[in-house]
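Below: the structure, in structure tokens.
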Amino acid sequence: MATRNGSAEWKGDLKGGAGTVKLGSGAFEGQYGFKSRFESGPGTNPEELIAAAHAGCFTMALSAQLSGAGITPESLETTASLTLEKLDAGWTITKIHLDVTGRIPGNDAAAFEKAAKAAEVGCPVSRVLKAEITMTARLAGGQATSA
């Protein structure tokens, strides 16, 4: 079992205030506010951090899946695009799309797709999110597949 920490401090009202978010490890500390969350202002936001966490978790899970199949990836790159929508219940993360490109020995597309699908559902961050999760997986220089 592992316990990980993050913290946030907020000062002021919602639209005029500002905050700081920190990772417990000290690897990241950044400013956030209303404009960085709901408009195009500078700083980060909780959804961007969730997307980064999902991309990181998925990519590690994909590496584990490939390694379990006897394939050591040369590189894996993932971008997670998170959709935040205002629903009747309030602001909600409705979707996350994972876009992954991999370089693996032999360019075995079937093995890559199988590993990517297993990682998509097996990554702990995927399992905690209640949003629709979609994925496009491609080998570097290869055809994309959507799952």
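The table below lists the values:
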item	result
Restricting the range 72-97 to residues that are open to solvent by less than 40 Å² (accessible area, probe 1.4 Å) and without any contact (Cβ under 8 Å) to a residue 24 or more places away in the chain, the residue that is nearest to residue 125 (Cα to Cα)	78
Residue in the range 88-108 that is touching a strand residue (DSSP E or B) at 6+ places or on another chain (Cβ under 7 Å), part of a helix (DSSP H, G or I) and within 26 Å of residue 141 (Cβ to Cβ) present	yes
Pick from the range 1-19, criterion closer than 26 Å to residue 57 by Cα and part of a loop (DSSP other than H, G, I, E, B), ranking: least open to solvent (accessible area, probe 1.4 Å)	2
Subset of the range 1-56 (residues that are within 30 Å of residue 122 (Cβ to Cβ) and basic (Lys, Arg))	4, 22, 37
One residue from 22, 35 being among the basic types (Lys, Arg) and either part of a strand (DSSP E or B) or under 19 Å from residue 129 (Cα atoms) (or both)	22
Condition met for residue 70 (closer than 24 Å to residue 2 by Cβ and over 12 Å from the mean Cα position of the chain (by Cα))	no
For residue 33: the one exception among (1) surrounded by fewer than 15 Cβ atoms within 10 Å (Cβ to Cβ); (2) farther than 23 Å from residue 95 by Cβ; (3) of a type outside the set (D, E, K, R)	(1)
Sole exception among (1) in contact with a strand residue (DSSP E or B) (Cβ under 9 Å, 6 or more places away or on another chain); (2) free of Cβ contacts under 8 Å to residues at least 12 places away in the same chain for residue 49, by number	(2)
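Okay, residues lined up against (1) modelled with pLDDT of 90 or more; (2) touching a helix residue (DSSP H, G or I) at 6+ places or on another chain (Cβ under 9 Å):
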| site | (1), (2) |
| --- | --- |
| 74 | yes, yes |
| 79 | yes, yes |
| 98 | yes, yes |
| 108 | yes, no |
| 115 | yes, yes |
| 122 | yes, yes |
| 129 | no, yes |
| 134 | no, yes |
| 145 | no, yes |
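The values are calculated or read from the model by the stated rules, or taken from the named source; none is laboratory data. Computed from a predicted structure; not experimentally measured. Reconstructed Cβ throughout: ideal geometry from the backbone, glycine too, with neighbour counts over all protein chains shown. Surface accessibility is based on the protein's heavy atoms, side chains included, excluding ligands, DNA and RNA. Shrake-Rupley method; radii C 1.70, N 1.55, O 1.52, S 1.80 Å.
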